[in-house]
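Report on the structure given below.
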Amino acid sequence: MKREFSTYEVMGYDDQGKIKFIHLREGEFVLPIEIKGDDLRKIKKMMELNQGVTVIVHAAIDQRRMRLLEVDGYSLRKEET
């Protein structure tokens, strides 16, 4: 089964409960997506080390189950002021 990859902005994360979520923006929608430990650790570290910078992920998501399937890459975008 071929995975469809898209680019999403990371808006935040929720790592307090048993199931971890990351909030991804696609267009004008923000999706709460279930995420596993290693990918969440990488994204948290990127957000903590780069304050004021938007983290971008290129990922495949199962939108029926709202679950992250695979991350193909990460990038950072600095907002111009």
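In this structure, the amide hydrogen of Met11, modeled 1.01 Å from its nitrogen in the peptide plane, lies closer than 5 angstrom to those of His23, Leu24, Arg25, counting only residues at least 5 positions away or on a different chain. Our helix-only sum for the chain, with -39,500 (n - 2.57) per DSSP H run of n ≥ 4 divided by its residues, gives a mean residue ellipticity at 222 nm of -5000 deg cm²/dmol. If you wrap the chain in the convex hull of its Cα atoms and look at it from every side, the mean projected area works out to 5.9 nm². Annotation: per residue accessible area for the chain equals 72 Å², rounded to a whole number [probe 1.4 Å, protein chains only]. For the pair Leu31 and Glu4, the difference between a 0.36 nm per residue extended length and the Cα-Cα distance amounts to 8.1 nm. In a reduced charge model with +1 at each Lys and Arg Cβ and -1 at each Asp and Glu Cβ, the chain shows a dipole moment near 320 debye about its Cα centre.
Compared with the dominant Cα axis of the chain, that is its longest principal axis, helix 37-49 is turned about 10°. Name the residue, out of Arg41, Arg64, Arg25, whose mean-square fluctuation peaks in a Gaussian network model built on the chain with Cα pairs under 10 Å. Between Arg41, Arg64, Arg25, it is Arg64 that shows the largest mean-square fluctuation. Tell me the carbon and sulfur percent of the accessible area for the chain, rounded to whole percent, probe radius 1.4 Å. C and S atoms contribute 49 percent here.
Please build a GNM for the chain, connecting alpha carbons under 10 Å apart, and tell me which residue among Asp38, Asp14, Asp62 fluctuates the most. Maximum among the listed residues: Asp38. The calculated pair-distance distribution of region 1-48 uses every alpha carbon pair, bins of 10 angstrom beginning at 0, and gives 25, 52, 22, 1 percent.
Report, in listed order, any pair from Lys36/Lys78; Lys18/Lys45; Lys2/Lys36 with a Cα-Cα distance greater than 23 Å. Pairs exceeding the cut-off: Lys36/Lys78.
The values are calculated or read from the model by the stated rules, or taken from the named source; none is laboratory data. Note that the coordinates shown come from a computational prediction; the quantities given were computed from them, not determined experimentally. Don't worry about glycine lacking a Cβ; one is built from the backbone with ideal geometry, like all the others, and counts go over all protein chains shown. Ligands, DNA and RNA are excluded from the accessible area calculation, which covers all protein heavy atoms including side chains. Shrake-Rupley method; radii C 1.70, N 1.55, O 1.52, S 1.80 Å.
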